[in-house]
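No lab work stands behind these numbers, since they all come straight from the coordinates. Please read all numbers here as calculations on a predicted model, not as lab measurements. Reconstructed Cβ throughout: ideal geometry from the backbone, glycine too, with neighbour counts over all protein chains shown.
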Amino acid sequence: MDFERLQRIYEDQFIDRAWWGHFNISGAPVNKSFHTVNIVGIVAACAKLALHITGEIPRIVLSNKAPNLSVNPAKIALNIKLLRLDIPEDIKVNALFGSFIHELGHLLYTREDIGAREARRYTPVQTGFLHMLEDRRVESKLVNAYPGYHSFLYTARRLALSMGWWAMEQRIGFYGGMDPENRDINGNDGHEALTDYICCKILYPNILEDPVYIREVNSFPGNSRKVKEIDLLLDKIKGYAALTFTEIENVAEELAGIVGENGTVSENFCLQEVKNTLRQFEDYTADRDIRMAESVIADMQRTFNPEKFHYYAKTSSSESNRRTQASAREFVHVIREVEAEAGTISGELLKKARELAAGIQLQLSMFSAKTDKNKVIYEQDAGELDEEELYQSRYNRNIFWEETPAPSARLEVVILLDLSGSMVTGDKIAMQTVLAVALVLAFERYANVVTYSVYGHRCDDNCIEVTCFHKPGRRLQLAKLFSQKALYANADGYAMQYCFEKFQPDSPHKLFLMISDGTPSVVASEGEDPQEQVREVVHEGKKKRIEVLSLGIDNFDQADMYDEFIPYSGADTIVLFSRWLRKKFSSLADETVF
């Protein structure tokens, strides 16, 4: 496709606002452009929009194919190949978002209207017309209820219209005959041209302004008369938003009676051209961004939707009959530890981390002051041990003082970071990075009393992946903590169990710090509650004298999982965390036995 020509056609097109009916555009709740082609960010925005409008996050499929409306929709198919069109970014991003809103309208209105009634049977022709009419009805209802989203719906429909117009310029006389692959095309008798006219009448009325197009449709015997009947029927509809689904069914039935029930309704050439254009791009499903976006969808569903989501190992059809839920339980215990890669240090985040570290160091200094004790070490140059001289050590010039903490004063800390897909939204990763960097900077300053390690976790289809950012005895590499990326789902309970084993058996004080933005989502078998499993793991930790603190990066219910938790409260979260550390360090220092 000539994308420069497509863009010029797009700029020349204008769809009358009356197509959607009369609505008040003031007080639009969203911006008119995203100015981003980041599929992860777009998907996260789509999920939030769905939650706002429908109260749930539906199943979203990132597809290479244009979505097709089912009579009872259960998911949204989002064709992400739109992002590879060689046109301005704001057009393709807004068109993609408009496509999502359109499909969301079917979940909101079509599903609701037909859910509580007995299903009707449709002929293939009726089904085709039903889809066209319902497309316009749901968009009209959407802009009346949510006028701020009109601009996105407008962009999507205008782009499809422009592609259809481009196709019209390239090939006049394409109804009937043979297609490029030498297959018979339905419509040699003008049926295809007539049904295409109906689609344009309903969805793309601008096309009807072209006299060549009208002449092509009327060139088949009998079509001219039928076009008048179609115009008479559809012109009676003054507002599609006011129609019920039953009325839409009746109009579709009348249209089928005009064109005849023989054959089927072929896709309108605007939609055909959209698909033909997108086919020229390589397969999108292998992209890492797509995998990340899918993990964001799944994790947000598990976090915000009321029903429980269960996580299973993916198996081939030949294996599925042999594997049981027990094998799924074995799967989630497969943990792979990987080394974190070095990322790019952000000066802004590092500055914030250092400011926070100063406050944490203040609490640690108090702890260190209470636990450090002076010990006297005797040193003798040569010869047998002079016990008499040893007992008079204060007079020996070879005796020196060394300040060390008593063994019972040492504190070991294990930090577990959330690297699941939902962390990609907002500034969660940035906030978690600041917290983690601040802690390790403070711990490095007081290495005499604190030993620490830092891990992150997520779960994909193969295993639970635990990323090691730092271990005791290693040189701290801050750049590794700046490499945090959000992906897949979260398996809090299993990752915590794994990290509990990182504590040294003889550590007198063990503190496990969990940083997360949501509830756990991974379970091994149907019926298992992931939150109950986390609660059990916390109790197991208590038996091992491990104190667990949960620090929320976002609002979620923690009380039923953790005895000690700090809920998310914006900037005050850090203040609350600092207070908790002061209280904890004071308590540990008072308990220390020398």
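Taking only Cα atoms of segment 412-477, what ratio of Rg to Rh do you get with Rh as the Kirkwood inverse-distance radius?
Ratio value, two decimals: 1.02.
Alpha carbon centre of segment 114-164 versus segment 41-64: separation in Å?
18
Quick one: which residues, 5+ away or cross-chain, put their amide H under 5 Å from the amide H of L551? H built at 1.01 Å from N.
M514, I515, S516, I566
Kindly write out, for segment 121-134 in residue order, the coupling ³J(HN,Hα) from the Karplus curve 6.51 cos²θ - 1.76 cosθ + 1.60 (θ = phi - 60°), rounded to whole Hz, with x marking Gly and Pro.
My calculation for segment 121-134 gives 8, 10, 6, x, 5, 4, 4, x, 5, 4, 5, 4, 5, 5 Hz in order.
How do the peptides 77-87, 149-159 rank, highest first, by the average count of neighbouring beta carbon atoms within 10 Å per residue?
149-159, 77-87
Could you derive backbone 3J(HN,Hα) for segment 151-163 from the dihedral phi with the Karplus parameters 6.51, -1.76 and 1.60 (θ = phi - 60°), listing whole Hz in sequence and x where the residue is Gly or Pro?
4, 6, 4, 4, 5, 5, 5, 5, 5, 4, 4, 5, 5
Quick one: Karplus J couplings for segment 137-144, per residue in order, coefficients 6.51, -1.76, 1.60, θ = phi - 60°, nearest Hz, x for Gly and Pro?
For segment 137-144, the Karplus curve yields 4, 5, 5, 5, 5, 4, 5, 6 Hz.
Mind scanning K92/K238; K275/K428; K48/K471; K81/K228; K92/K352; K471/K544 and naming the pairs with a C-alpha gap bigger than 28 Å? Intermediate values should be presented prior to the final figure.
On the way: K92/K238 31 Å; K275/K428 37 Å; K48/K471 37 Å; K81/K228 38 Å; K92/K352 36 Å; K471/K544 20 Å.
Violating the 28 Å Cα-Cα cut-off are K92/K238; K275/K428; K48/K471; K81/K228; K92/K352.
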